[in-house]
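The values are calculated or read from the model by the stated rules, or taken from the named source; none is laboratory data. Please read these numbers as outputs of a predicted model, since none were measured by experiment. Every residue, glycine as well, gets a Cβ built from its backbone with ideal geometry; the counts of neighbours run over all protein chains shown.
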Amino acid sequence: MKKIAVIGGSGFYEFPELGRNESVSQMTRFSDTPIELRRAVLTGRSVFFMPRHGSAHHCPPHKINYRANIDALAALGVDAIIAVNAVGGISDACAPGNIVLPDQIVDYTWGREGTFFDEFEDEMCHVDFSYPLQSSFRKQMFDCLGREGLKVISNGVYGCMQGPRLETAAEIQKLQRDGCDLVGMTMMPEAVLAREKNISYLSICVVCNWAAGICSTKNTAEENDSQVAPLSVDDMKAVLEEKITKVRTALISALTLV
């Protein structure tokens, strides 16, 4: 029976819906300190929970030890990851409050430790990453999110930026031209490291805001100012708080169905 890990993003630091659970510490060669997780059993299946930024959101996106996190999950025998990511919306369908299950990634990050294959040994280790977000949980997750009254989009392109600052309007225009529907900071190298460990990876993206400058095209016709109000972190948090509880409930429903 598969072991599953849920990786919580911004606003998702605890998972009380798991019910009875225990603390698990896993050492990895990529960290001097153990990786701390929670483990529960749902319908006979081990489910691990890992808050990506730490329980107090102390680690910014570019400083997360992605290799240690994924290596720890692999060592625990995890077969599938369901990750939750807070994102900005770029395309019309990806409005604040909507949930997107993206199927493609464009990586704009730099300087992150993005592979387990630091040296080639017997052969070159180039993993196929053509379709980065394949998962047997996609349909169940889509259905369970919908049953919670959430508007869910079943595909999209996630543009992963370096952070921790938010993007300029010109950068978002570039992402839009590149075909990105969403912008975030944490899916890479997390997703490719999972692929290198042969762990399936599905992302649930909670759209918290329109990306920089995009809101100018979504405003009412009578709003003619070329300048757009700065993005509000408080507004983003409010959307997350409203949606994350439903996402957690949907996760439990999906995990007990498979």
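Just need a number here: residues in segment 42-61 that are farther than 20 Å from residue 85 by Cβ and either touching a strand residue (DSSP E or B) at 6+ places or on another chain (Cβ under 6 Å) or free of Cβ contacts under 8 Å to residues at least 40 places away in the same chain (or both).
1
Can you pull out every residue in segment 37-91 that is at positive phi and polar (S, T, N, Q)?
43 - this is the single residue of segment 37-91 that is at positive phi and polar (S, T, N, Q).
All but one of (1) closer than 30 Å to residue 172 by Cβ; (2) more than 16 Å from the chain's Cα centre (by Cα); (3) without any contact (Cβ under 8 Å) to a residue 60 or more places away in the chain hold for residue 112; which doesn't?
(3) is the only condition that residue 112 fails.
Yes or no, residue by residue, for (1) closer than 20 Å to residue 60 by Cα; (2) among the small types (Gly, Ala, Ser); (3) at pLDDT 95 or above:
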site	(1), (2), (3)
144	no, no, yes
165	yes, no, no
197	no, no, yes
200	no, yes, yes
205	yes, no, yes
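Does any residue of segment 28-41 turn out to be free of Cβ contacts under 8 Å to residues at least 60 places away in the same chain, of a type in the set (Lys, Arg) and surrounded by 14 or more Cβ atoms within 10 Å (Cβ to Cβ)?
Yes.
When you look at residue 106, is it touching a Ser or Thr at 6+ places or on another chain (Cβ under 8 Å), closer than 30 Å to residue 238 by Cα and either assigned to a strand (DSSP E or B) or not aromatic (Phe, Trp, Tyr) (or both), yes or no?
In short, no.
So residue 120 fits all but one of (1) farther than 28 Å from residue 46 by Cβ; (2) touching a helix residue (DSSP H, G or I) at 6+ places or on another chain (Cβ under 6 Å); (3) modelled with pLDDT under 95; what number is the exception?
Answer for residue 120: the failing condition is (2).
Please work out if residue 86 is farther than 30 Å from residue 176 by Cα and crowded, with 19+ Cβ neighbours inside 10 Å.
For residue 86, the condition - farther than 30 Å from residue 176 by Cα and crowded, with 19+ Cβ neighbours inside 10 Å - is not met.
Suppose we keep only residues that are of a type in the set (A, V, I, L, M), within 15 Å of the chain's Cα centre (by Cα) and crowded, with 22+ Cβ neighbours inside 10 Å within segment 54-81. Which one would you say is farthest from residue 201 (Cα to Cα)?
Of everything passing the filter in segment 54-81, 70 is farthest from residue 201 (Cα to Cα).
Give 133, 175 a once-over and let me know the one that is of a type outside the set (Lys, Arg), within 20 Å of residue 2 (Cβ to Cβ) and either out of contact with any His (no Cβ under 8 Å at 6 or more places or on another chain) or free of Cβ contacts under 8 Å to residues at least 60 places away in the same chain (or both).
Sole residue among the options that is of a type outside the set (Lys, Arg), within 20 Å of residue 2 (Cβ to Cβ) and either out of contact with any His (no Cβ under 8 Å at 6 or more places or on another chain) or free of Cβ contacts under 8 Å to residues at least 60 places away in the same chain (or both): 133.
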